[in-house]
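**Student:** Once you've had a glance at the structure underneath, I'll fire off some questions.
The values are calculated or read from the model by the stated rules, or taken from the named source; none is laboratory data. Computed from a predicted structure; not experimentally measured. Note: ideal-geometry Cβ built from the backbone for every residue, glycine included; neighbour counts use all protein chains shown. Heavy atoms of the whole protein, side chains included, go into the accessibility calculation; ligands, DNA and RNA do not. Shrake-Rupley method; radii C 1.70, N 1.55, O 1.52, S 1.80 Å.
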Amino acid sequence: MTSSDATSPDPAPPARSAKAEEYVFGALVAALGVFTLVDATTIATRGSMGTVGPRVFPYAVGALLVVTGVAAIVATARGRLGPAEDAEDVDTSVRTDWVTVAKLVAVLVAHLALIDVAGWPVAGAVLFFGAAWTLGAVWWKALVVAVVLALVVQVLFAAGLGLSLPAGVFEGVPLLDG
Amino acid sequence: MGSLTALLEGFATAAQPEYLLYALLGVTLGTAVGVLPGIGPAMTVALLLPLTYSLEPTAALIIFAGIYYGGMYGGSTTSILLNTPGESSSVVTALEGNRMARAGRGAAALATAAIGSFVAGTIATILLTALAPTIADLAVTLGPADYVALMVVAFTTVAALLGASPVRGLASLGLGLFIGLVGTDTLTGQQRFTLGVPTLSDGIDVVVVAVGVFAVGEALYVAARMRHGPVEVVPVGGKWMTGEFWRRSWKPWLRGTAIGFPIGTIPAGGADVSTFLSYAAEKKLAKRPEEFGKGAIEGVAGPEAANNAAAAGVLVPLLTLGLPTTATAAVIVAGFQSYGIQPGPLLFTNDSALVWALIASLYIGNVMLLVLNLPLVKIWVKVLQIPRPYLYAGILLFAALGTYAVNFVVDDLVVLLVIGVAGFFMRRHGYPVAPLVVGLILGPMAEEQVRRTLQISEGDPAALVASPFAAVAYAVLAAALVVTVVLRVRRRA
């Protein structure tokens, strides 16, 4: 979302880029609220006065988003930033690695683009391999695991659950095409 | 008493080999996701929702309940043995448990957590059994306005009273409410916020949202700042259970249960608060307060018991009122709804066999979990050591698979990605994700109740506060808000 600090190699003070990101996120929340309020006016209503139609709740939600979005911006301006969440595998002392995040998003996009073209086994293997490799796994190990995992899932779905994932390039292959 | 007979019948159902197997599957999965960083019970239940459509409701709900209870047990193993604890509800356990493990007393810490979880889980399930039917009987008399009041209380406490930043919690709630609006209005059949996209006219599936914020959001968040290198696990050392162990543990277990269960029952956000309160209580009551911060067993025993008792407490409003107060509970409500069952006061009359089999399976699951987490803890240590690139690649693969399996349309994966990226930025800036999920599930229910109330009153908004129950609920909420604001201002001053 904030592309400004995505590639900049100079170590900008973390507080400043975090602040910029917070402004953007707060603004997006408020913008979604404005959209909600505006779009709610186009919801068709029928029926008499006195009953509450399908617009009322959207108005309330839109107002809540606008107010909280603006309040988040104000809080940020006053220096009250939201603390980043804790997690076991997160090293809070290192700087954000935007390249890795972008690669993962690209891998997910490749996955959803490949499902209809090449079938789920290929798309699934690409997703697992791409993600594991991006995150630092040895490439050939990740590739072996990815192919095996994707084929096992495909067979389990086709044979076990009776839900058929698109076989794509494996169309007509026994076990893989449910 | 009728409910005792019903419970025994529930045991007869739940003890059938088939259901025992489902319970075992649930608690095993639950422990695994509790142990593994990056995935939690909410996301796991969400991922399993599409896969369980082929199961009958009792089997599916027994699995979900097992995952829910199991996650509470598994988390403690991670906080005690991993050098880098995280996850809020187990963070208190890490304070003392991790110190104990490093001091070579890991075995005792694991044992007091597992046995404490079992004791608390069992007592709390007994309390649930005793209270739930009575509360359900009372809840039958509640009208739509009363439900609106309860939901407003739940929204406010989950979003505003608990997090570090009420503004960000409310913003997260708003996002969830907005996602809940997308689709076709149930009362009038009008399209709302669908942007003319046909996939959106059925609304955005709960599975897609929950998996997006939890799995994709978390994976991206971890990837941005991943801790590289091998996973460091503290070796399990020392004696498991000694006389001193029992002497120092049993009172904190009971106190933790007494603190945890009521907190879980009221819409106050589930386990986290109860662990902090229990820890504070144990520290105050300790004979050797100087040990706290250096590995006091009471500081593990109390919060771990509180944590599990709160988990059972959360089931009281969930089953009797249909009111989820945590993200996992919200996803479980979605699970009920996928079978056309609405949790609430009528559940105990309409689906009595199902609900009692579910409650019976909680007792059974607790016993299974004690075995899984004490003698078999070595297996979970191995699970904990899965190399992180493979773990997060696997999370992403199953997130995408579970989402795709809902409708078998690629559009859902686009929505998943958008919500995942939003979840990533929410984590970076202190926007809690639980209010989003609770808002998503409760929002449509709240809207329906508000509109029903106003239909009955012919548009007079006073009807929303006219019933005594609703008035009391709003008054209590207002008082809680005032107290919180005063405490915050004082702390800052």
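**Student:** Being in contact with a Gly (Cβ under 6 Å, 6 or more places away or on another chain), part of a helix (DSSP H, G or I) and at pLDDT 90 or above narrows it down to one residue among B:G70, B:G75; which is it?
**Tutor:** From the options B:G70, B:G75, the qualifying one is B:G70.
**Student:** Assess whether A:T41 counts as being closer than 26 Å to B:A462 by Cβ, surrounded by fewer than 19 Cβ atoms within 10 Å (Cβ to Cβ) and polar (S, T, N, Q).
**Tutor:** no
**Student:** Taking only pairs six or more apart or across chains, which ones have beta-carbon atoms under 8 Å, a first residue in the stretch B:398-420 that is touching a residue at least 40 places away in the same chain (Cβ under 8 Å) and at the interface with chain A (Cβ under 8 Å from one of its Cβ atoms), and a second residue that is open to solvent by 20 Å² or more (accessible area, probe 1.4 Å) and among the β-branched types (V, I, T)?
**Tutor:** Qualifying pairs under 8 Å: B:L417/A:V105; B:L417/A:V109.
**Student:** Of the conditions (1) open to solvent by 30 Å² or more (accessible area, probe 1.4 Å); (2) among the aliphatic types (A, V, I, L, M); (3) at pLDDT below 90, B:A478 satisfies every one except a single condition; which number is it?
**Tutor:** If we test B:A478 against (1) open to solvent by 30 Å² or more (accessible area, probe 1.4 Å); (2) among the aliphatic types (A, V, I, L, M); (3) at pLDDT below 90, just (3) comes out false.
**Student:** Given B:T134, B:T129, which one is of a type in the set (S, T, N, Q), without any contact (Cβ under 8 Å) to a residue 60 or more places away in the chain and either over 23 Å from B:V381 (Cα atoms) or not in a helix (DSSP H, G or I) (or both)?
**Tutor:** After ruling out the rest, the residue left standing is B:T134.
**Student:** For the stretch B:421-466, which residues satisfy the criterion of being among the β-branched types (V, I, T) and within 11 Å of chain A (Cβ to nearest Cβ)?
**Tutor:** B:V421, B:V433, B:V450, B:T453, B:I456
**Student:** May I pose another question? For B:P461, only one of the following conditions fails: (1) closer than 21 Å to B:L173 by Cβ; (2) of a type outside the set (D, E, K, R); (3) modelled with pLDDT under 90; (4) in contact with a Leu (Cβ under 8 Å, 6 or more places away or on another chain). What is its number?
**Tutor:** (1)
**Student:** Please verify whether B:V158 is at pLDDT 90 or above, more than 10 Å from chain A (Cβ to nearest Cβ), under 25 Å from B:P317 (Cβ atoms) and in contact with a helix residue (DSSP H, G or I) (Cβ under 9 Å, 6 or more places away or on another chain), treating the condition exactly as stated.
**Tutor:** So B:V158 fails the test.
**Student:** To continue, here is another question. With B:L254, B:L177 as the choices, which residue is modelled with pLDDT of 85 or more, of a type in the set (A, V, I, L, M) and farther than 28 Å from B:I441 by Cβ?
**Tutor:** Criteria check complete, one pass: B:L254.
Yes/no per residue for (1) in contact (Cβ under 8 Å) with a residue 24 or more places away in the chain; (2) among the β-branched types (V, I, T); (3) closer than 21 Å to A:F57 by Cβ:
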residue	(1), (2), (3)
B:R168	yes, no, no
B:S172	yes, no, yes
B:G183	no, no, yes
B:R192	no, no, yes
B:P198	no, no, no
B:V206	yes, yes, yes
B:G212	yes, no, no
B:G238	yes, no, no
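**Student:** For the stretch B:144-174, how many residues meet the condition of being under 16 Å from B:E447 (Cβ atoms) and open to solvent by 20 Å² or more (accessible area, probe 1.4 Å)?
**Tutor:** Adding up the residues that qualify gives 5.
**Student:** A further question follows. In the stretch B:121-143, how many residues are closer than 25 Å to B:P468 by Cβ and either hydroxyl-bearing (S, T, Y) or open to solvent by 30 Å² or more (accessible area, probe 1.4 Å) (or both)?
**Tutor:** Number satisfying all stated conditions: 8.
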